[in-house]
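Asker: Shown below is the structure under consideration.
Values quoted throughout were computed directly from the atomic coordinates according to the rules given, and no laboratory measurement underlies them. Here the structure is a predicted model, which is why all the values come from computation and not from measurement. Heads up, the Cβs are rebuilt from the backbone with ideal geometry, glycines too, and the neighbour counts pull from every protein chain shown.
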Amino acid sequence: MKAQYTKYTLDFKRPSGTSRGILTQKETWFLILEEKDHLGIGECGILRGLSVDDVPEYEEQLAWVCDNIHLSEVELLNRLQEFPSIQFGLEQAFRSLKSSNPFELFPSEFTQEEAPISINGLIWMGDESFMLSQLEQKLEEGFRCIKMKIGALDFEKEIAILESIHKNFGPDEIELRVDANGAFTPHEALGKLQRLSEYQLHSIEQPIKAGQSVEMAVLCKNTPLPIALDEELIGVFDVTEKEELLQTIQPQYIILKPSLVGGFSGSLEWIDLAKEQGIGWWVTSALESNIGLNAIAQWTYTLGNQMPQGLGTGSLYTNNFESPLEVGHGNLYYKSNKNWKKDLIKSLCI
């Protein structure tokens, strides 16, 4: 078996705001395996400033994987514990290599076009008019679950936006999730959650920065609004540490981003622990290209979670790849007639 990797930079169609700053580009790497006449591909993508494997020696680690591809998949994954995005890419690449169709990794009713995946629409941070225009567009597109980024604007302006949404749309028309990306301080968080709870929100992601488990536990115990952990899961590798974190904080939900928490296997470990403790969960992409998004979507369908998932990010880039994924009426569909270019993998080879 041969292995190689190549870097690819995704360009956003328009600058996209989060509480960590404005995104204009996203770096990603593709791991390509070759055995006899078969090719396999997996995406290894990091989010600068967030991924635990955002380190200078990242490409050096990718090169090590390619040099040691003769090792078993299990052994490679074990050695890559501190590089969750490479674990994710490697799992994809091996599944892709073994499949008759390198882009159908998890055959199911989804890939047979018999069932879609319910997803949320994503509203990026910006001024009030921009955010409301995004909302109107998402509703016109058929979304009934909306995720709104908060924490970058003045809080009162964000409250005004929620007030406007609340006046025009009832909870039977729209399910609204908000994501603070750790923007609140522990001192102010509970008061802000109380304000936010007036608008019948479904949940809030990561109200305070990760790594404050005692403060987060107090919030989850007293919150008037369900809390979902996101960044809190990043960098927790050992299963015992994962279990202790969930037992300590006792969140209402956790959110799984395979690129950030160790691929499919790492995500499943979190899901199993959450189920044991009665904690809800859903899956979200981490701004991967359509190659990684395709893999996440197929895997997510097999989990049987009926909640809206966070998988509608395929249209963010000007230079994304063709994809069988199609968004419509608040769902993600797999269209087998929208085939990938046959030479896509070869075109990425070094």
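Asker: Counting other beta carbons within 10 Å of each Cβ, put I291, I271 in order, fewest first.
Answerer: Lowest count first: I271, I291.
Asker: Full extension from S336 to Q306: what is 0.36 nm times the residue separation minus their Cα-Cα distance, to one decimal in nm?
Answerer: The S336-Q306 span can extend by a further 8.5 nm.
Asker: While we're on this one: With only Lys, Arg, Asp and Glu charged, each at its Cβ (+1 for the first two, -1 for the last two), find how big the charge dipole of the stretch 148-199 is about the Cα centre; round to the nearest 20 debye. Write out the running numbers ahead of the final one.
Answerer: On the way: 6 positive and 10 negative charges, 26 e Å.
In total the dipole reaches around 120 debye.
Asker: Report the full-extension gain for the segment E113 to D127: residue separation times 0.36 nm, less the Cα-Cα distance, to one decimal in nm.
Answerer: 1.2 nm
Asker: Specify the angular offset, from 0 to 90 degrees and rounded to the nearest 10, of the alpha carbon long axis of helix 128-140 from the longest principal axis of the alpha carbons in the chain.
Answerer: That helix lies at roughly 70 degrees to the long axis.
Asker: Please tell me the relative contact order of the chain in percent, rounded to the nearest whole number, where contacts are Cα pairs under 8 Å and at least six residues apart.
Answerer: Details: 691 pairs, mean separation 74.8, N = 350.
Result for the chain is 21 percent.
Asker: Principal axis lengths of the chain from Cα atoms, whole Å, largest first?
Answerer: Extents along the principal axes: 60, 43, 35 Å.
Asker: Please arrange W124, W270 by counting, for each residue, the other beta carbons lying within 10 Å of its beta carbon, fewest first.
Answerer: The fewest-first ordering by Cβ neighbours comes to W124, W270.
Asker: With a Förster radius of 35 Å, plug the Cβ-Cβ distance of Q250 and S347 into 1/(1 + (r/R0)^6) and report the FRET value to the nearest 0.05.
Answerer: Result of the calculation: an efficiency of 0.15.
Asker: Using a/c under 1.5 as the rounded threshold, could you call the stretch 104-235 rounded, prolate or oblate? The axes a ≥ b ≥ c are square roots of the C-alpha gyration tensor eigenvalues, and prolate needs a/b larger than b/c, oblate otherwise. Walk me through the numbers on the way to the answer.
Answerer: Numbers: a/c = 2.05, a/b = 1.25, b/c = 1.64.
It comes out oblate by the Cα gyration axes.
Asker: Could you identify which residue out of Q112, Q309, Q298 has the top mean-square fluctuation in a GNM of the chain using Cα springs shorter than 10 Å?
Answerer: Greatest mean-square fluctuation among the candidates belongs to Q112.
Asker: When M216, M307, M1 are ordered from fewest to most other Cβ atoms inside 10 Å of their Cβ, what list results?
Answerer: M1, M307, M216
Asker: Given the stretch 117-334, what percent of its DSSP beta bridges are antiparallel, to the nearest 5?
Answerer: 25 percent
Asker: What is the Cα centroid distance between the stretch 20-99 and the stretch 186-228, reported in whole angstrom?
Answerer: 34 Å
Asker: Let me ask you something else. Between Q25 and S164, what is 0.36 nm times their sequence separation minus the Cα-Cα distance? Round to one decimal in nm.
Answerer: Fully extending the segment from Q25 to S164 adds 46.9 nm.
Asker: Here's a follow-up. Using a simple spin-label model with points 7 Å from Cα along the Cα→Cβ vector, what separation in nm is obtained for L71 and E198?
Answerer: Inter-label distance under the simple model: 5.6 nm.
Asker: Can you give me the distance in nm between label points at N222 and D11, each placed 7 Å from the Cα along the Cα-to-Cβ direction?
Answerer: 4.9 nm
Asker: Follow-up question, since we're still on this one. Nearest 10 degrees is fine. How inclined is helix 58-67 to the longest principal axis of the chain, computing both from alpha carbons?
Answerer: It is inclined by approximately 30 degrees.
Asker: So for the pair S315, M1, with labels modelled 7 Å out along Cα→Cβ, what separation do we get in nm?
Answerer: 3.7 nm
Asker: Mind putting a number on the dipole of the stretch 38-89 about its Cα centre? Charges go on the C-beta only, +1 for Lys and Arg and -1 for Asp and Glu, and I need it in Debye to the nearest 20. Write out the running numbers ahead of the final one.
Answerer: Numbers: 2 positive and 10 negative charges, 25 e Å.
Here the size comes out at about 120 debye.
Asker: Tell me the Kirkwood hydrodynamic radius of the stretch 200-305 in angstroms, computed as one over the mean inverse distance between distinct C-alpha pairs.
Answerer: Taking every pair of different Cα atoms in the stretch 200-305, averaging 1/r and inverting gives 14.1 Å.
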